[in-house]
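The values are calculated or read from the model by the stated rules, or taken from the named source; none is laboratory data. Just so you know, these numbers come straight off a predicted model, no measurement behind them. Here the Cβ positions follow ideal geometry from the backbone for every residue, glycine too, while neighbour counts run over all protein chains shown.
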Amino acid sequence: MPVGSMVFEFFVPGISRMARASGADFLIFDTEHSGTGIEAIKAQCAACDGVGIAPVVRVPDHGYHFVAGALDAGAHGVMVPMVGTAEQAREIVSFSHYPPAGRRGAAFGIAHDGYTPGTPQQKIAEADARTLVIAMIETPEG
């Protein structure tokens, strides 16, 4: 069973190494409650990749730019709070995957694919296969 932890405020450079040394397989970086910006998330995702830990980001909202932005910064998954309807959940999944499975905008050779070469089709297949989406049902409607 995978082991991981939520990181709320301590976005220090060595957190991924400490987590890996403790046996963690993933870290969830909270941007809903911490006020941490995308630059810090991008650095943490790169550090996680360097030690073989899957970075996941809890975004502050279910908007496209939060979901796609976290994934473009290098997150392997997103945790989305305050999901209240099945339609919202479907929309979040569509923001997380490239066409034809979703509607995430295409940008390759950047943080999320390790700045590596490859065809768009190859990059899409790899990203869509590894992307985790967690919808947090936290509203009365949900």
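Of everything in the stretch 84-102 that's touching a Ser or Thr at 6+ places or on another chain (Cβ under 7 Å) and not hydroxyl-bearing (Ser, Thr, Tyr), which residue is surrounded by the fewest Cβ atoms within 10 Å (Cβ to Cβ)?
84
Looking across the stretch 128-142, the residues that are over 13 Å from residue 75 (Cα atoms) and touching a Ser or Thr at 6+ places or on another chain (Cβ under 8 Å) come down to 141, 142. Restricting the first member to the stretch 90-107 and to residues that are under 10 Å from residue 68 (Cα atoms) and modelled with pLDDT of 95 or more, and the second to residues that are surrounded by fewer than 15 Cβ atoms within 10 Å (Cβ to Cβ) and of a type in the set (Val, Ile, Thr), no beta-carbon pair is closer than 8 Å while six or more apart or on different chains.
Candidates are the residues of the stretch 1-60 that are hydroxyl-bearing (Ser, Thr, Tyr) and surrounded by fewer than 20 Cβ atoms within 10 Å (Cβ to Cβ); the one that is farthest from residue 136 (Cα to Cα) is 22.
Close Cβ contacts (under 7 Å, 6 or more residues apart or on different chains) running from residues in the stretch 59-79 that are farther than 18 Å from residue 5 by Cα and polar (S, T, N, Q) to residues that are at pLDDT 95 or above and surrounded by 19 or more Cβ atoms within 10 Å (Cβ to Cβ) are absent.
Filtering the stretch 103-133 to residues that are under 13 Å from the mean Cα position of the chain (by Cα), among the hydrophobic types (A, V, I, L, M, F, W, C) and surrounded by 15 or more Cβ atoms within 10 Å (Cβ to Cβ) leaves 111, 127, 133.
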